Amino acid sequence: MIKLAAMRAELVPALDSLLALKLRQDVPAADLQAAMTYSVMAGGKRIRPLLLLAVVQTFQADLIPQSLPAAAAIELIHTYSLIHDDLPAMDNDDLRRGHATNHKKFGEAMAILAGDGLQPLAFQWLSDCRFNDTIKIKLVHELAFGAGPLNMVAGQVADMQGEQRTLTLDELKALHQRKTGALLKASLLMGAVISGIDEKRTTALSDFADHLGLAFQIKDDILDVTSTAAQLGKPVHQDQAANKNTYPSLLGLDGARSALTAELDSARHALDPLVASTDISLLAEFLTELAN
Ligand code: GRG
């Protein structure tokens, strides 16, 4: 099985070229194109597209080229969420992906519109991609479900309202799963849809996604406490300043690290039903990265 580093080296440049090209083609209005492209191309880790592509690589590697536009669509949704999350009405941040936030660079109205433009464009790209209609409908559903008012948007609302009080650990877990986990899960399940895997394997991937999504956000919470802005390309110690509920604030740093380890272990075990028939090494590498 290909290593994650090799997949990243090959596919992230291909994905970036596709994103830049399609934004040029599909957004003729120059100012809007500039604002949308600025944040999409600002250098994110592309973890969500890579998760989709890793599932396809694992189960149906020949479909990788056809999968790139679907992977790119997820990055549009993720980028819109970051632009809107940074707005003055939300987290009011100045720095994202190592650059000025979209509203600092283009003004608040254009930043809102750049996010507004990215959302439907993602679904346009999905509906245009080279899969049959049944697969395309399922892809649209997974992305809308993960990013929509049942998940990511509801998680953002819970996050905002949680600043007023201390959440229980279960409430925080549910918040993280919706705000962050759901889009990561959508990415993995979109890979499952493209690969056409059976229900048993999809269930294993779905369990894997639940634990990976939570681990990802716990790691993000920990890094907010332990890193510098230069390392992360975004402001640090923001959670405490905004009175946000996080794993370190509820459990302390050591407790948060233990919770991360537990989620990563559970994620790895969720793949057990696949081991007899599938090389899971590429998927497992995402866990190794989160552990380090
Ligand atoms: C505005 C509806 C709406 C939702 C926003 C995703 C989100 C919800 C807010 C962003 C703030 C935040 C800390 C979210 C948690 C998810 C997270 C860790 C996002 C950053 O994702 P990375 O690390 O970023 O993948 P890059 O820049 O690498 O893509």
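The numbers here are math on the coordinates, done by the rules we state, and not lab data. Just so it is clear, the structure is predicted and the values come from calculations on it, not from any experiment. Cβ placement follows ideal geometry from the backbone for every residue including glycine, while neighbour counts extend to all protein chains displayed.
Quick notes on this structure:
- With a simple spin-label model that places each label point 7 Å from the Cα along the Cα-to-Cβ direction, the separation between GLU171 and VAL157 comes to 1.6 nm.
- Order by protection proxy (mean Cβ within 10 Å, highest first), peptides 24-33, 246-255: 246-255, 24-33
- Proximal charge balance of LEU274 [Cβ under 12 Å; K/R count +1, D/E count -1]: -1
- Unsatisfied cross-links (Cα-Cα over 19 Å) in the set LYS3/LYS136; LYS179/LYS219; LYS45/LYS105: LYS3/LYS136; LYS45/LYS105
- Taking only the Cα atoms of the chain, the radius of gyration and Dmax are 18.3, 54 Å.
- 3J(HN,Hα) along region 17-23: 5, 5, 4, 5, 5, 5, 5 Hz, from the Karplus curve 6.51 cos²θ - 1.76 cosθ + 1.60 with θ = phi - 60°, whole Hz, x for Gly and Pro.
- Dividing the Cα radius of gyration of region 59-193 by its Kirkwood radius returns 1.01 for Rg/Rh.
- With coordinates expressed along the principal axes, the C-alpha atoms belonging to region 234-282 extend over 48, 23, 13 Å, beginning with the largest.
- Under-5 Å amide H pairs with HIS99, H placed in peptide plane, nonlocal only: none
- Cα gyration tensor shape of region 169-292, rounded if a/c is under 1.5, else prolate or oblate by comparing a/b with b/c: prolate
- Kirkwood radius, region 1-133, all distinct C-alpha pairs, inverse of mean reciprocal distance: 15.3 Å.
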